[in-house]
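Report on one structure; see the data block that follows.
The values are calculated or read from the model by the stated rules, or taken from the named source; none is laboratory data. Since the structure is predicted, the reported quantities are computational estimates derived from the model, not experimental observations. Cβ atoms come from the backbone with ideal geometry, glycine included; neighbour counts cover every protein chain shown. We work out accessible area using only protein heavy atoms, side chains counted, and drop any ligands, DNA or RNA first. Shrake-Rupley method; radii C 1.70, N 1.55, O 1.52, S 1.80 Å.
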Amino acid sequence: AQSVTQLDSQVPVFEEAPVELRCNYSSSVSVYLFWYVQYPNQGLQLLLKYLSGSTLVKGINGFEAEFNKSQTSFHLRKPSVHISDTAEYFCAVSDGRGSTLGRLYFGRGTQLTVWP
Amino acid sequence: DVKVTQSSRYLVKRTGEKVFLECVQDMDHENMFWYRQDPGLGLRLIYFSYDVKMKEKGDIPEGYSVSREKKERFSLILESASTNQTSMYLCASSLAHPVLNTEAFFGQGTRLTVV
């Protein structure tokens, strides 16, 4: 089974500051990687995903993530955050290539709080 | 747009009651999942299904069962609700394809309180 570690449970930051949310995964096979966002009392929404190709992936709302195979990391970044980015962010990894099931393994989440 | 609809946003049930959580998706997805979300624990998989009438246990199936009689509907059943099942429950679906299955679509969640 895959495992995902989100290194920070809470990240407070001021508005317009840059932010990085860290994620490491453990897998010996090729995987797909994801970041989801959850606003209060909502379901999860896909921010971005890495399938293959360029290691820098751009997503919605100005977020991007970089896949680093040697460090088994997939950190999420935004150069300038807004108060509306306050939410919980989940890193996830899939079953692996060739699987049709698409089961996701989630990290424990990082609560990003943006202060004015 | 893909839509995954969970029948209730909030539920309050008594200990010992049988509880049904319903999930419907409208994109003809083969795969459906039930997750439980608790603070500090992230999302944990309860059960999943890759076809009608097929089901597989996830990581925390104890105290739960599921039913998938139709492709679009996946129900989670708490046979005898207990207070430790108070949680947010999230349903998701995805396409059965080695590449396109990568995006799972989530419902809005059902916040269940067992008293």
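Quick rundown of the values:
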{"quantity": "Carbon and sulfur %, accessible surface of region B:1-112 computed with the full protein complex present, 1.4 Å", "calculated": "51 percent"}
{"quantity": "Shape call, chain B: gyration tensor on alpha carbons, a/c limit 1.5", "calculated": "prolate"}
{"quantity": "Estimated vicinal HN-Hα couplings, Hz - region B:30-40 in sequence order (Karplus 6.51, -1.76, 1.60; Gly, Pro = x)", "calculated": "7, 8, 9, 9, 10, 10, 10, 10, 10, x, x"}
{"quantity": "Alpha-carbon centroids, region B:21-71 and region A:33-108: separation in whole Å", "calculated": "21 Å"}
{"quantity": "Residue-normalised accessible area of the protein assembly as shown, expressed per residue, 1.4 Å probe, Å²", "calculated": "47 Å²"}
{"quantity": "Average beta carbon contacts from partner chains per residue of B:35-41, 10 Å cutoff", "calculated": "3"}
{"quantity": "Charge tally in the Cβ shell below 13 Å around B:Met32, where Lys, Arg are +1 and Asp, Glu are -1, B:Met32 excluded", "calculated": "-1"}
{"quantity": "Qualifying aspartates and glutamates (Cα of each under 17 Å from Cα of A:Lys58; at least 8 residues distant if same chain)", "calculated": "A:Glu20, A:Glu66, A:Asp85, B:Glu103"}
{"quantity": "Interface burial for A against B (accessible surface, 1.4 Å probe, total of both chains, Å², rounded to 100)", "calculated": "2100 Å²"}
{"quantity": "Average Cα contact separation per residue, chain A, under 8 Å, 6 or more apart, as relative contact order %", "calculated": "37 percent"}
{"quantity": "Nearby lysines by direct alpha-carbon distance to A:Lys69 (threshold 17 angstrom, same-chain neighbours under 8 apart not counted)", "calculated": "A:Lys49"}
{"quantity": "Overall Cα dimensions of the protein assembly as shown - principal axes, largest extent first, Å", "calculated": "48, 41, 31"}
{"quantity": "Highest-fluctuation residue, B:Leu95, B:Leu21, B:Leu11 considered, GNM on chain B with Cα pairs under 10 Å", "calculated": "B:Leu11"}
{"quantity": "Prolate/oblate/rounded call for region A:19-116, Cα gyration tensor, a/c under 1.5 rounded", "calculated": "prolate"}
{"quantity": "Residues of type lysines that B:Lys57 reaches as a straight line, Cα spacing below 23 Å, ignoring anything fewer than 8 places off in the same chain", "calculated": "B:Lys18, B:Lys70, B:Lys71"}
